[in-house]
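The values are calculated or read from the model by the stated rules, or taken from the named source; none is laboratory data. Computed from a prediction, not measured in an experiment: that's the story for all the values here. With ideal geometry, Cβ positions are generated from the backbone for all residues, glycine too; neighbour counts draw on all protein chains shown. Just the protein is used for accessible areas: all its heavy atoms, side chains included, with ligands, DNA and RNA removed. Shrake-Rupley method; radii C 1.70, N 1.55, O 1.52, S 1.80 Å.
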Amino acid sequence: MAAPAPEERLDVLTAAGDKTGVSKPRSEVHRDGDYHRAVHVWIYCESTGELLLQRRADCKDSWPGQWDISSAGHISAGDSSLSSARRELQEELGIKLPVDAFELIFVFLHECVINNGTYTNNEYNDVYLVTTLTPIPLEAFTLQESEVSAVRYMHRDEYKSCLAAESGEYVPYDVNGQYGQLFSIIEERYKDNTESRSLTLQKQISRYAPIHLEPELTTLSEGDKEALGYILKASMVIDEIFYEQVWNSNTMLRDWLKAHADSSSLDSLKWAYYSINKSPWSCLDENKAFLSTADSAVKLLTDATKPISGWKGLEYRAAFPLDKPRGANFYPADMNKMEFDLWKSGLTDKEQKDATGFFTVIKRPDALLTTSVAQSDGPNQTNTSDDLFIVPYSMEYKASLEKAAELLLKASDCSDCPSLKNLLRTKANAFLSNDYYESDIAWMELDSNIDVTIGPYETYEDGLFSYKATFEAFVGVRDDVATSQVKLFGDQLEDLEKNLPLDNIYKSDNVSAAPIRVMNLLYNSGDVKGPQTIAFNLPNDERIVNERGTSMVMLKNISEAKFKNILKPIANACIREEQKEYVDFEPYYTHIVCHECCHGIGPHSITLPGGKKSTVRMELQECHSALEEAKADIVGLWALNFLINKGLLPKSLSKSMYVSFLAGCFRSIRFGLEEAHGKGQALQFNWLYDKGAFILHSDGKFSIDFTKVEEAVESLGREIMTIQAKGDKPAAQSLLQSRATLTQPLRVALEKIEHMQVPVDIAPIFGTASKLLANN
């Protein structure tokens, strides 16, 4: 006689839902009332408004014979939530669905005692929704007799009424409590509100002022013009990679929305706003979803169940979460920080470096089985445990990167500029090798009429740790006159570092002058969603920053467009009459230059109190981006004042830079406090306001107290850089939580700006680039 199967073990949680590191048999967990995790999977048919219910088997030790969730089960010790949801649906109902069918809609804590006190259920339930277009035929189900005795469809309103009436036929759920979210989410999603949604989307789109960018190409040689066509095509490939990085089904959603854009005016608006955000989450609304799974792509599966004569198969909506995944598509969707940290602690030093590096993704084995990566255990894939895998970008995005590399090599062959040829060649090699060091050096040394930045750089999209870099491309024409005018700032970096408002023990002895290039943008792609950048300071690789510093690129035509269309109208709305004259393009643009320079000074590589070497990025994790943007801003103001006092900048800037900065605060905060620049700007505004440097008057307008602003700026610079130098994440969290908030003075300003309908940002239209691509 075969031995009985071992009893399922469950991870024991704290009352707050965190893993304790202990697992116990299922029966003991319920006997002792331990907190644990489970999954609920609801199948909803959108054409009939019905939910699928299962009748629990009579032999079940909890709620036997009662109607319940479509499918449910515990998350076994060591298992993930999503894999458990897929497994339970297949085991109990015989339905095999891919990951993109499951939408996590909320987490529900169920606490109760049944069976005369012998069964305690303290259960955190991840509640998933699977949306089908039509009902699944009942004969298509294969029921697990030990768990399920029957299934049936029931309209959501009827089911909700039965639960509210506490009918004994149904497993009880409080529809007026947490579990009511199931019904409210579905009801909101499917109510007839076309007119309302259209008006909302029109208003959201109108926050972006369309700007035509058509820089002249007269300075380019014929060889560089030919190279430019290939560079633009490579940039379009980079765009594809970024869509994939944001979220695992993002590309499919994009293609669906584009294909249906002409179906109705509402569908046209959905596509237009999606194109700006490059995802279903609105950048200017703290990443709130403006679409739902009901708007998503329809997929057909012919083998999700056993075959049924006359039925073509299961059609479902590709799901996406209401909340933007904090880890984007760099980590498994159901992985949290604690799981990652526990896994990382068991890795070798080399593996830990790879796991936290810019250019890798983290996956589970079941996800890898569907990719080409799983076909090989070669050197490009690190299999460190049964739970998580490290996959380099060169493998994860292999097909796209090979295509982009080929185009860059063709561009290199066409160009007659040696430094551009070198950049394009080394970047092509980096795409294939996953080693970006040489290409980043080549980028810093670029001296070409075509300015190109292409590759994985910024880490804002990684909301879990700020480890992973997104792909982006910026292509423009160098402005030689403007470039010569800003050389001063790069030349002064070493002196600025020596005089920073920071204890000397934290200052660097090795600061290189940052080359500054000014260009007029021709085309951008990849991580350029929502608000448009006006400058960037790269690379972010701490090795290069320590050895050679950074280089800076200014996008002058973007700065001019923002000043004219946004900053001047904001100043008219929010700055007192007597100080409006100080708002001018020169101080606004000069501070942008100084902001980017100041990314290259201050703490980067640091020594922790115990002597361990680390970096600010590694220690501050998700706090790093917002704090670094605030540092560059506020130290940039300090640096301008320092250079004025040295006689290197005109004294006319001494007041205008502060007033232009104040107007710029309101511009950046409109990006939302989920975005690093907006959060960093709110921190600065509230600090300076609390110090009396910014004044709100009874007429609702603002001014600068020039007697207080200099000291307030210096004190905040010191505070931020000291936190960075110490790698003090608790202090960083405390500073952001207390200061990076939407305070009443900020609300006053934002309401004035909203009333005047000032655009929040710009949406570039690449006329010259489009003509070039059309001719290639």
Tell me whether the range 34-47 contains one or more residues that are assigned to a loop (DSSP other than H, G, I, E, B) and at pLDDT 95 or above.
yes
From LEU488, LEU555, LEU493, residue being touching a Cys at 6+ places or on another chain (Cβ under 8 Å) and within 22 Å of MET657 (Cβ to Cβ):
LEU493
Considering residues of the range 185-214 that are over 27 Å from the mean Cα position of the chain (by Cα) and part of a helix (DSSP H, G or I) only, the residue nearest to ILE69 (Cα to Cα):
GLU187
In this structure, does LEU640 turn out to be assigned to a helix (DSSP H, G or I), touching a Cys at 6+ places or on another chain (Cβ under 9 Å) and crowded, with 20+ Cβ neighbours inside 10 Å?
yes
From the residues in the range 33-91 that are among the β-branched types (Val, Ile, Thr) and buried (at least 19 other Cβ atoms within 10 Å of the Cβ), which one is farthest from VAL22 (Cα to Cα)?
ILE43
Can you pull out the residues in the range 300-332 that are open to solvent by 20 Å² or more (accessible area, probe 1.4 Å) and within 13 Å of the chain's Cα centre (by Cα)?
ASP323, LYS324, PRO325, ARG326, ASN329
Could you tell me which residue of the range 174-184 is surrounded by the most Cβ atoms within 10 Å (Cβ to Cβ), considering only residues that are without any contact (Cβ under 8 Å) to a residue 40 or more places away in the chain and in a helix (DSSP H, G or I)?
PHE183
Are there any pairs, at least 6 apart or on different chains, whose C-beta atoms fall under 7 Å, with the first in the range 331-348 and more than 25 Å from VAL39 (Cβ to Cβ) and the second among the β-branched types (Val, Ile, Thr) and open to solvent by 20 Å² or more (accessible area, probe 1.4 Å), and if so, which?
LEU347/THR384
Matching residues in the range 433-445 - criterion: being more than 25 Å from the chain's Cα centre (by Cα) and open to solvent by 10 Å² or more (accessible area, probe 1.4 Å):
SER433, GLU438, ILE441, MET444, GLU445
Flagged pairs (Cβ under 6 angstrom, 6 or more apart or on separate chains; first in the range 28-56, touching a residue at least 24 places away in the same chain (Cβ under 8 Å) and within 17 Å of ALA140 (Cα to Cα); second basic (Lys, Arg) and outside any loop (DSSP other than H, G, I, E, B)) are LEU51/ARG156; LEU53/ARG152
Complete set of residues in the range 120-151 that are open to solvent by 50 Å² or more (accessible area, probe 1.4 Å) and assigned to a strand (DSSP E or B)
SER149
Any hit, the range 148-163, residues being touching a Lys or Arg at 6+ places or on another chain (Cβ under 8 Å), more than 23 Å from SER309 (Cα to Cα) and in contact (Cβ under 8 Å) with a residue 60 or more places away in the chain:
yes
Only one of (1) modelled with pLDDT of 90 or more; (2) under 26 Å from GLY463 (Cβ atoms) does not apply to GLU596, and that is (1)
Could you list all residues from the range 418-451 that are touching a strand residue (DSSP E or B) at 6+ places or on another chain (Cβ under 8 Å), of a type in the set (D, E, K, R) and under 17 Å from GLY476 (Cβ atoms)?
LYS427, ASP451
Which one of the conditions (1) open to solvent by 20 Å² or more (accessible area, probe 1.4 Å); (2) farther than 19 Å from LEU129 by Cβ; (3) modelled with pLDDT of 95 or more; (4) in contact with a Leu (Cβ under 9 Å, 6 or more places away or on another chain) does ILE211 fail to meet, given that it meets all the rest?
(4)
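Residues checked against (1) open to solvent by less than 20 Å² (accessible area, probe 1.4 Å); (2) part of a helix (DSSP H, G or I); (3) farther than 21 Å from ALA769 by Cα:
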residue	(1), (2), (3)
LYS421	no, yes, no
THR426	yes, yes, yes
ALA430	yes, yes, yes
SER448	yes, no, no
VAL452	yes, no, no
THR459	yes, no, yes
PHE465	yes, no, yes
PHE489	yes, yes, yes
Filter the range 1-33 down to residues that are aliphatic (A, V, I, L, M) and in a helix (DSSP H, G or I), then give me how many there are.
1
Checking LEU653 against (1) within 21 Å of PHE585 (Cα to Cα); (2) open to solvent by 10 Å² or more (accessible area, probe 1.4 Å), the condition it does not meet
(2)
Unmet requirement for GLY610, which otherwise passes all of (1) farther than 23 Å from LEU488 by Cα; (2) in a helix (DSSP H, G or I); (3) of a type in the set (Gly, Ala, Ser)
(2)
Can you list residue pairs whose Cβ atoms sit under 8 Å apart, with the first residue in the range 513-539 being within 27 Å of PRO210 (Cβ to Cβ) and open to solvent by less than 10 Å² (accessible area, probe 1.4 Å) and the second being in a strand (DSSP E or B) and acidic (Asp, Glu)? Count only pairs 6 or more apart in sequence or on different chains.
MET519/ASP451; SER525/GLU472; GLY526/GLU472; GLY530/ASP761
Which of the residues that make up the range 48-86 are touching a Leu at 6+ places or on another chain (Cβ under 8 Å) and in a strand (DSSP E or B)?
GLN54, TRP67, ASP68, SER71, HIS74, SER76
Does PHE685 count as over 18 Å from the mean Cα position of the chain (by Cα) and more than 20 Å from ILE723 (Cα to Cα)?
no
Cβ-Cβ below 7 Å, separation at least six or inter-chain, first residue in the range 270-290 and free of Cβ contacts under 8 Å to residues at least 24 places away in the same chain, second among the aliphatic types (A, V, I, L, M) and crowded, with 21+ Cβ neighbours inside 10 Å: which pairs?
TRP271/LEU257; TYR274/LEU257
Matching residues, the range 671-683, being over 20 Å from ALA573 (Cα atoms) and either free of Cβ contacts under 8 Å to residues at least 40 places away in the same chain or not in a loop (DSSP other than H, G, I, E, B) (or both):
ALA676, HIS677, LYS679, GLY680, LEU683
Can you name the helices (runs of 4 or more DSSP H) wholly within the range 524-606 that have at least 2 residues being hydrophobic (A, V, I, L, M, F, W, C)?
542-548, 556-562, 568-574, 585-598
